[in-house]
Amino acid sequence: MSAIHLFAGSGGLEAGALAAGVHGAGIEWDANAVATRLAAGLATVHGDVRRYGPADFPDANLLTAGPPCQTFTVAGGGAGRTVLADVLHAVKRMGARDSVDPRLLGDERTGLVLEPLRWILEAADAGRPYRAIVLEQVQQVQQVWAAYAEVLRAEGYSVATGVLRLEQLGLPQTRRRAVLVARLDGPVALPEPSRRPYRRGIAQDAGDGRLAPWVSMGEALPDRGPFTVISNYGTGGDPKNRGRRTSGEPAFTVTGKISRFRLVDPAERELPRFTHSEAGQLQGFPADWPWSGNDIPQQIGNACPPPLAAALVQAVTTP
């Protein structure tokens, strides 16, 4: 199977797909992410996905995509959530082959969530439908993926969609993602959790004995020694609400603000902040991933975690 990765970022989609035995190419417009991709030796088109289509990559039979999330995420301005009903209506119209102008959705980043569907339908109409599809986004996009699912089932796909807790897939952070997997040649299901969900104050070895424990930051970064992360992510800047997690717990959701997280030792003495390599490892990348270009914390926060990509690709490629 050969893949085309839309909004391919710094290579998380490919790293996961390669782990599942699938090769391909990615399209990415951000020059910094492209620098990292090229350093990692990934086949890359530096450009806007809106300027390309399935005919440009005729050998690809797997499509993956992680459209920009800024207008949908709670941490963003919320422009995408404001026009969610319009987005859902646009998905339905596209499925009926009606013309849709994404610019009518306001912020152009919101309209990008429709691009994977454009590619999927163009490929189907050309008589070369993708055999399999993998989509991931912030959990606020789950309703959009549910609307996609209706269209894809009408096109003959088996589809599964939902919100996954990524610490249950072995990622050393509590991150939730809305995902969709689809395939033409057989039934499909979301990846089954292999690890227990993280619950604050609940011991790592407590819970369902059939599942392995979640992975802590300390296990992912064993050379760090004991530490506590202090974050004001999601606190509105109020220092009284700063979150704290020890190295014996998973990380907070890794975002582009990870470079602002303070680290202290058990005596509350300041420690060096996460390196790019360490932040990448918390996002599921190998320690030697060649982060390049500028704004590397944002690259890391925007990336699809490779363990998620691998689990989703395996879900659509395993007989």
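The values are calculated or read from the model by the stated rules, or taken from the named source; none is laboratory data. As the structure is a prediction and not an experimental result, all values here were calculated from the model. In this analysis, Cβ positions are derived from the backbone assuming ideal geometry, glycine residues included, and neighbour counts consider all displayed protein chains.
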* Just a yes or no: is a residue in the range 55-73 under 28 Å from residue 319 (Cα atoms), modelled with pLDDT of 95 or more and β-branched (Val, Ile, Thr)? -> yes
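Would you check which residues across the range 159-169 are more than 18 Å from residue 140 (Cβ to Cβ) and in contact with a strand residue (DSSP E or B) (Cβ under 6 Å, 6 or more places away or on another chain) and list them?
First pass over the range 159-169, keeping only residues more than 18 Å from residue 140 (Cβ to Cβ): 159-160, 167-169.
Answer for the range 159-169, where residues must be more than 18 Å from residue 140 (Cβ to Cβ) and in contact with a strand residue (DSSP E or B) (Cβ under 6 Å, 6 or more places away or on another chain): 159, 160, 168.
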* Can you name the residue in the range 259-284 that is basic (Lys, Arg) and not in a loop (DSSP other than H, G, I, E, B) and is also farthest from the chain's Cα centre (by Cα) among such residues? -> 262
* Of residues in the range 114-147 being crowded, with 17+ Cβ neighbours inside 10 Å and of a type in the set (Gly, Ala, Ser), the one farthest from residue 104 (Cα to Cα) -> 132
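Please find, within the range 153-164, the residue that is surrounded by the most Cβ atoms within 10 Å (Cβ to Cβ) out of those that are among the small types (Gly, Ala, Ser) and more than 27 Å from residue 212 (Cβ to Cβ).
If we filter the range 153-164 for residues that are among the small types (Gly, Ala, Ser), which is where we start, we get 154, 156, 158, 160, 162.
Pick out the ones that are also more than 27 Å from residue 212 (Cβ to Cβ) and you get 154, 156, 158.
Values: 154: 10, 156: 10, 158: 17.
Per the criteria, the residue is 158.
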* Take the residues in the range 260-319 that are in contact (Cβ under 8 Å) with a residue 40 or more places away in the chain and hydroxyl-bearing (Ser, Thr, Tyr), then tell me which one is farthest from residue 139 (Cα to Cα). => 292
* Report yes if residue 127 is small (Gly, Ala, Ser) and in contact with a Pro (Cβ under 6 Å, 6 or more places away or on another chain), otherwise no. => no
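Based on this model, can you work out whether residue 37 counts as modelled with pLDDT of 95 or more, over 21 Å from residue 124 (Cα atoms), of a type in the set (Lys, Arg) and crowded, with 16+ Cβ neighbours inside 10 Å?
On the way: modelled with pLDDT of 95 or more: yes; over 21 Å from residue 124 (Cα atoms): yes; of a type in the set (Lys, Arg): yes; crowded, with 16+ Cβ neighbours inside 10 Å: yes.
Yes; evaluated as a whole, the condition is true for this residue.
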* What number of residues within the range 170-188 are in contact with a helix residue (DSSP H, G or I) (Cβ under 6 Å, 6 or more places away or on another chain) and either surrounded by fewer than 17 Cβ atoms within 10 Å (Cβ to Cβ) or without any contact (Cβ under 8 Å) to a residue 60 or more places away in the chain (or both)? -> 3
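Restricting the search to the range 82-108, which residues are touching a Pro at 6+ places or on another chain (Cβ under 8 Å) and crowded, with 19+ Cβ neighbours inside 10 Å?
To start, the set of residues in the range 82-108 that are touching a Pro at 6+ places or on another chain (Cβ under 8 Å) comprises 90, 108.
Across the range 82-108, the qualifying residue is only 90.
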* Can you confirm whether the range 223-245 contains a residue that is surrounded by 14 or more Cβ atoms within 10 Å (Cβ to Cβ), modelled with pLDDT of 95 or more and acidic (Asp, Glu)? => no
* Asked: Applying the selection to the range 135-151, what residues are in contact with a Leu (Cβ under 8 Å, 6 or more places away or on another chain) and either touching a residue at least 40 places away in the same chain (Cβ under 8 Å) or more than 15 Å from residue 112 (Cβ to Cβ) (or both)?
  -> 135, 136, 143, 144, 147, 148, 149, 151
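What do you reckon, is residue 105 modelled with pLDDT under 90 and over 13 Å from residue 7 (Cβ atoms)? So that I can check it myself, show each step before the final result.
Working: modelled with pLDDT under 90: yes; over 13 Å from residue 7 (Cβ atoms): yes.
In short, yes.
Can you tell me which residues in the range 295-319 are at positive phi and either among the hydrophobic types (A, V, I, L, M, F, W, C) or in a helix (DSSP H, G or I) (or both)? So that I can check it myself, show each step before the final result.
We begin by selecting, within the range 295-319, every residue at positive phi; these are 295.
Passing the criteria: none in range.
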* Scanning for something more than 23 Å from residue 34 (Cα to Cα), free of Cβ contacts under 8 Å to residues at least 60 places away in the same chain and out of contact with any Phe, Trp or Tyr (no Cβ under 6 Å at 6 or more places or on another chain), does the range 249-257 turn up at least one residue? -> yes
* Structure fact -> Filtering strands (runs of 3 or more DSSP E) wholly in the range 1-68 for at least 1 residues that are within 25 Å of residue 148 (Cα to Cα) gives 2-6, 23-28, 62-65
* Structure fact -> Note: among 167, 150, 192, just one is under 19 Å from the mean Cα position of the chain (by Cα) and either modelled with pLDDT under 95 or exposed (fewer than 15 other Cβ atoms within 10 Å of the Cβ) (or both), namely 192
